[in-house]
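> Handing you this structure, nothing more for now.
The values are calculated or read from the model by the stated rules, or taken from the named source; none is laboratory data. Remember, it's a predicted structure, so these values are computed and weren't measured experimentally. Counting neighbours? That spans all protein chains shown, and the Cβs are built from the backbone with ideal geometry, glycine included.
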Amino acid sequence: MKNLFVILTIAASALLPTACKQVTVTPTPITPLYSTLDDFKSMDSIARDSVMKADAAQIKAFMQVVGCDSVTDSALVAWSRSRVVEAFTPEVRKVYPTLGSLETMLSIILDNAKNQGLELPRRNYAAVVWGLQKSIVFNDSTMMIALNHYLGNDYEGYQGWPEYLRMGKTPERLPYDIVEALIASQYPYQQTDSSTVLSRIVYEGALTLAKIRIVPEGSLQHALGYDNAQLQWLDDHQSELWQNMVGKKLVYSTSEDTMHKLIDPAPSTSLLSPYSPGRVGRYLGYCIIVSYLQSNTIDKLPTLLSPEFYNNPRLLIESAYGG
């Protein structure tokens, strides 16, 4: 597994101008709740009071998400002694001994998003551990990033999971997931009774483009969560996959179940091919976006992420996409 510091340092170097003058990036603070709450049981009362005052909003948001509305000494001590903390925190401390590189990356992401015209609200940020399936959750004004979801696909605790899930459990994927969570929370897909599969996959394609543009040195492979072989297979079979979409009359289907089968994590997108990786709808949506941008002047992310764009009944015609 690559070292997180190396990954983020290389990514941050993308901000260096040609004159080789270093750009000063002010790190965005991320409260290390995974460490604070692990230590809570051994703190004296003065230290506990200080923590509860300094990180009150983040702690309250976190405790609500893990199912505890009580923010008291006893509740926090109970959490610090929980099996989740005991199982995950030591490994999280090894992989993320400090949050400096992650804080710098977050600052770069927020700055790049602003430069792309995306309006993201001010938030608190907290690094946590929990037993929930979701890796990033928003509550009140706090964005919580569960670092125990990004320990590397060779982490022993992931070994019973299917490979398609383990592939996304790496530090390399964390910046892409942060970008997706931030943008999808502010520019969510707006589904109506007449929404089609086409509109949904185009939205997912726009979200993929956003990740490539906003993550420093962003790549399509990491934005989609594929390895080299999977992405190559998709490139080789793109026309076949699209023809299957058309032939099965899926493009303008309004079935929500069909949408999920095309974009949700899965071993394969069996609806189109038993040999394809999962989430092929995202890949095809991105291909449609790329085709659209080749023949149209509109390429601003807020426009591409808007319902007026992805619900446009002439979108496929205007994109000139044919697989």
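> Mind checking whether some residue in the stretch 26-34 is among the aliphatic types (A, V, I, L, M), at pLDDT below 95 and part of a helix (DSSP H, G or I)?
no
> Could you pull out the residue among Gln221, Gln243, Gln232 that is assigned to a helix (DSSP H, G or I), touching a helix residue (DSSP H, G or I) at 6+ places or on another chain (Cβ under 6 Å), surrounded by fewer than 16 Cβ atoms within 10 Å (Cβ to Cβ) and not aromatic (Phe, Trp, Tyr)?
Gln221 is the lone residue from the list that is assigned to a helix (DSSP H, G or I), touching a helix residue (DSSP H, G or I) at 6+ places or on another chain (Cβ under 6 Å), surrounded by fewer than 16 Cβ atoms within 10 Å (Cβ to Cβ) and not aromatic (Phe, Trp, Tyr).
> Here's another thing I want to ask about it. Determine if the stretch 175-182 includes at least one residue that is in contact (Cβ under 8 Å) with a residue 12 or more places away in the chain, more than 14 Å from the chain's Cα centre (by Cα) and surrounded by fewer than 22 Cβ atoms within 10 Å (Cβ to Cβ).
Looking through the stretch 175-182, none of the residues is in contact (Cβ under 8 Å) with a residue 12 or more places away in the chain, more than 14 Å from the chain's Cα centre (by Cα) and surrounded by fewer than 22 Cβ atoms within 10 Å (Cβ to Cβ).
> Answer yes or no: is there a residue in the stretch 109-120 that is in a helix (DSSP H, G or I), buried (at least 17 other Cβ atoms within 10 Å of the Cβ) and either among the basic types (Lys, Arg) or in contact with a strand residue (DSSP E or B) (Cβ under 9 Å, 6 or more places away or on another chain) (or both). Steps first, please.
We begin by selecting, within the stretch 109-120, every residue in a helix (DSSP H, G or I); these are 109-115.
Then keep just the ones that are buried (at least 17 other Cβ atoms within 10 Å of the Cβ); that gives 109-110, 112-113.
Next, from what is left, pick out any that are either among the basic types (Lys, Arg) or in contact with a strand residue (DSSP E or B) (Cβ under 9 Å, 6 or more places away or on another chain) (or both): none.
For the stretch 109-120, residues in a helix (DSSP H, G or I), buried (at least 17 other Cβ atoms within 10 Å of the Cβ) and either among the basic types (Lys, Arg) or in contact with a strand residue (DSSP E or B) (Cβ under 9 Å, 6 or more places away or on another chain) (or both): absent.
> Scanning for something over 22 Å from the mean Cα position of the chain (by Cα) and of a type in the set (D, E, K, R), does the stretch 302-310 turn up at least one residue?
So far as the stretch 302-310 goes, yes, one or more of its residues are over 22 Å from the mean Cα position of the chain (by Cα) and of a type in the set (D, E, K, R).
> When you scan the stretch 61-110, how many residues do you find that are among the acidic types (Asp, Glu) and without any contact (Cβ under 8 Å) to a residue 40 or more places away in the chain?
From the stretch 61-110, those among the acidic types (Asp, Glu) are 69, 73, 86, 91, 103; that's our starting set.
Now drop any that are not without any contact (Cβ under 8 Å) to a residue 40 or more places away in the chain, which leaves 69, 73, 86.
Summing the residues that are among the acidic types (Asp, Glu) and without any contact (Cβ under 8 Å) to a residue 40 or more places away in the chain in the stretch 61-110 gives 3.
> Same structure again: With the structure loaded, tell me whether Tyr158 is touching a helix residue (DSSP H, G or I) at 6+ places or on another chain (Cβ under 9 Å), free of Cβ contacts under 8 Å to residues at least 12 places away in the same chain and not assigned by TED's automatic domain parsing to the domain that holds Tyr286 or whether it fails that test. Let's see the steps before the verdict.
Details: touching a helix residue (DSSP H, G or I) at 6+ places or on another chain (Cβ under 9 Å): yes; free of Cβ contacts under 8 Å to residues at least 12 places away in the same chain: yes; not assigned by TED's automatic domain parsing to the domain that holds Tyr286: yes.
Here the answer is yes, as Tyr158 does meet what is asked.
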